[in-house]
1. Helix A:90-105 sits at what angle to the longest principal axis of chain A, using alpha carbons and giving 0 to 90 degrees rounded to 10?
2. Counting Lys and Arg as +1 and Asp and Glu as -1, each charge on the Cβ, what is the dipole of the stretch A:30-107 about the Cα centre in debye, to the nearest 20?
3. Towards the positive end of the charge dipole of chain B, with charges on Cβ (+1 Lys, Arg; -1 Asp, Glu), say which of B:I36, B:S21, B:H190 has the farthest Cα.
4. Could you identify which residue out of B:Y197, B:Y134, B:Y96 has the top mean-square fluctuation in a GNM of chain B using Cα springs shorter than 10 Å?
5. Please average, across the residues of B:47-56, the number of beta carbons from any other chain that are within 10 Å of each residue's own beta carbon, and give a whole number.
6. Can you compute the helix-only [θ] at 222 nm over chain B? Use -39500 (n - 2.57) per DSSP H run of at least 4 residues, normalise by all residues, nearest 500 deg cm²/dmol.
7. Using the Cα centre of the stretch B:2-118 as the reference point, and only Cβ charges (+1 on K/R, -1 on D/E), how large is the resulting charge dipole? Debye, rounded to the nearest 20.
8. Note down the nm distance, to one decimal, between modelled labels 7 Å out along Cα→Cβ at A:N5 and at B:D202.
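The values are calculated or read from the model by the stated rules, or taken from the named source; none is laboratory data. Just so we're clear, the structure is a prediction, and the values are computed from it rather than from any experiment. Note: ideal-geometry Cβ built from the backbone for every residue, glycine included; neighbour counts use all protein chains shown. Keep in mind that these areas ignore ligands, DNA and RNA; they rest on the heavy atoms of the full protein, side chains included. Shrake-Rupley method; radii C 1.70, N 1.55, O 1.52, S 1.80 Å.
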Amino acid sequence: MEKPNTTYIDQLSGDDSSFRNKFINLLKSELILEIDKYKKAFLNKDYSNASEHVHRLKHKISVLGLEKGYTIALAYENELKEKKDPFSNQKKFDDVLTQMVEFLKCL
Amino acid sequence: MKCILIDDEAAARSIIAHLCSQVKALHVIGEFPSAIEAIKFLNKNEVDLIFLDIHMPNFSGFDFIETLKDPPKIILTTSDKNFAFEAFGYDCVIDYLLKPITLPRFLKAIKKAGNTSLQNTSNISKVDTQDHLYVNINRRLVKIEYNKIYLVEAKGDYIVIKTDAENYTVHTTLKNIIEKLPDSTFLKIHRSFIINYKKIIDIEDNSVLINKEVIPISRSNRPELMKKLNLL
């Protein structure tokens, strides 16, 4: 299974450690908020809204270098848009999110 | 170059602001989490360049562009490849950056933004008689009379000028040709279409029928079209 990494963040930051720290903190806080909103929308069966949150989360997934995770998110976003309940990609997507949160905790 | 950033995601704005800080010529004068807030700012401030996210809740990047009367240069930023074709239907869109944006790709877009202000070339020339124009097709200047044109359609880097007899594909933009065509006959009714409104057969809510082609009308362009018509 692929693992999150900071390759993109490191390339973006270069020698600017102040930006790097600030950006990682922003990523952590915004990720938690977005996951929360996505889960609430999903529990309320507001799948259209949930797909919007998955769309926003896709960027963070790719920032952390998760290429397969991005593909899962894209497929899941479409399932939600089309309300294809049961959602075959939901568990895989939720696992990606868990992996990201755990990874960011260690930074 | 004064620029603003519009993106509902703070991390995305942070990335673009950081990339802008690497380019001396760029000055970020505003960051907005929604297009609505940016519109308020643009009512009072002029900018040269906008970094615009396409996919935002309630009011998309494309909706935002439609509200601008005289849009500055726009670089679209998105996580989706699917919007690329639609994006280049807008004359003001100079590039399309896929997230996450890298520095080399960002610099390439900025170079384009700098170049476009210098570019003023057109493959269309207007002549004194004002009833026709010449278009450059395969190094030949071809005369087209205005009253023969019923539609001009944007197709990527090209436009197709449609007449009853023939279609002409020209390497230019709708923005260039609309400046050459007389207001008394032609009107842009959608980001991809200019019509000769004297040739309209009928109009439905959001489309016109013109020479057997059904052409969409943008919400923002519809009032202007209705003003031009001789309504009973």
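1. The helix A:90-105 is inclined about 20 degrees to chain A.
2. Values: 14 positive and 13 negative charges, 12 e Å.
Using only the charged Cβ atoms, the result is roughly 60 debye.
3. Selected residue: B:S21.
4. Result for chain B, Cα springs under 10 Å: B:Y134 fluctuates most.
5. 1
6. Numbers: 7 runs with 60 residues, N = 232.
Mean residue ellipticity at 222 nm (helix-derived): -7000 deg cm²/dmol.
7. On the way: 13 positive and 15 negative charges, 112 e Å.
Here the stretch B:2-118 has a charge dipole of around 540 debye.
8. Inter-label distance under the simple model: 6.2 nm.
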